[in-house]
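A short worksheet on the structure shown next.
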Amino acid sequence: MSNGEISIYIDRENIKTSLQRKLETLLSDSEVKHGITEIVEKNVRKYVPRDTGKLADESVTVGVDTITWDTEYAHYQYEGLAYGPNFLVVDKNGQLVWRSRKGSTKYPNGHLLSYKTPGTTDHWIDAMWANDKRSVQLQITNYLKRCAKQKGL
């Protein structure tokens with residue numbers, strides 16, 4: 001240290017505003033975090049591919065920090081790539097569908113998936129943030145305001 005030099009340590013706790021402390025308290029609460037994740041899931045739902053509804057509606061689980069789609073084909077749908085080898089078979093409803101042999105190793109076959117429902121896509125979370133970010137942020141902000149009021153913050 002040279003003559004006349006002074007260094008001051010900035011303690012981040014001393015410079016936090018009241019609002020920042022409230023937000024930290026809220027965002028460390030698992031119930032609040034789960035509520036935020038539910039808001040995101042409700043907004044992303046319209047981008048999730050839909051055929052029978054199993055992926056979009058029945059297989060989704062909302063956790064504190066995660067949204068999970070648990071089907072045997074969720075990863076393929078999210079990536080938007082067809083995996084194979086696949087074979088045309090007649091399903092229980094008499095419809096021709098592509099299936100693979102149980103237990104077989106599947107690889108991307110270079111084909112992109114096509115989605116039946118307009119507006120649905122692969123990488124659906126990215127689509128939601130690209131198209132609806134401001135709306136989702138406002139929903140989360142309003143939710144946090146309600147939580148802060150309920151918790152007396």
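The values are calculated or read from the model by the stated rules, or taken from the named source; none is laboratory data. Values in this document were obtained by computation on a predicted structure and should not be read as measured data. In this analysis, Cβ positions are derived from the backbone assuming ideal geometry, glycine residues included, and neighbour counts consider all displayed protein chains. Surface areas here come from the heavy atoms of the whole protein model, side chains and all, with no ligands, DNA or RNA. Shrake-Rupley method; radii C 1.70, N 1.55, O 1.52, S 1.80 Å.
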Among 24, 79, which is the only one that is touching a strand residue (DSSP E or B) at 6+ places or on another chain (Cβ under 9 Å) and acidic (Asp, Glu)?
79
Could you tell me whether the stretch 54-64 includes any residue that is open to solvent by 60 Å² or more (accessible area, probe 1.4 Å) and over 29 Å from residue 141 (Cβ atoms)?
yes
Please indicate, with yes or no, whether at least one residue in the stretch 105-115 is assigned to a loop (DSSP other than H, G, I, E, B), in contact with a helix residue (DSSP H, G or I) (Cβ under 9 Å, 6 or more places away or on another chain) and within 26 Å of residue 27 (Cα to Cα).
no
Hey, can you tell me all the residues within the stretch 15-35 that are surrounded by 13 or more Cβ atoms within 10 Å (Cβ to Cβ) and of a type in the set (Ser, Thr, Tyr)?
25
What are the residues in the stretch 86-102 that are outside any strand (DSSP E or B) and more than 25 Å from residue 121 (Cβ to Cβ), if any?
92, 93, 94, 101, 102
Checking the condition open to solvent by less than 90 Å² (accessible area, probe 1.4 Å) and closer than 30 Å to residue 151 by Cα, which residue from 44, 48, 97, 89 passes?
44
Out of 133, 106, sole residue that is basic (Lys, Arg), more than 22 Å from residue 55 (Cβ to Cβ) and under 26 Å from the mean Cα position of the chain (by Cα):
133
Against the condition more than 30 Å from residue 32 (Cβ to Cβ) and either open to solvent by less than 50 Å² (accessible area, probe 1.4 Å) or out of contact with any helix residue (DSSP H, G or I) (no Cβ under 6 Å at 6 or more places or on another chain) (or both), how does residue 143 come out, does it pass?
no
Out of (1) within 25 Å of residue 134 (Cβ to Cβ); (2) free of Cβ contacts under 8 Å to residues at least 40 places away in the same chain, the odd one out for residue 36 is which?
(2)
Pair list, Cβ < 9 Å and 6+ apart or interchain, from the stretch 58-78 residues that are of a type in the set (D, E, K, R) to residues that are crowded, with 16+ Cβ neighbours inside 10 Å and assigned to a loop (DSSP other than H, G, I, E, B):
70/59
Of the residues that sit in the stretch 111-130 and are touching a residue at least 12 places away in the same chain (Cβ under 8 Å), open to solvent by 60 Å² or more (accessible area, probe 1.4 Å) and not basic (Lys, Arg), which one is nearest to residue 80 (Cα to Cα)?
112
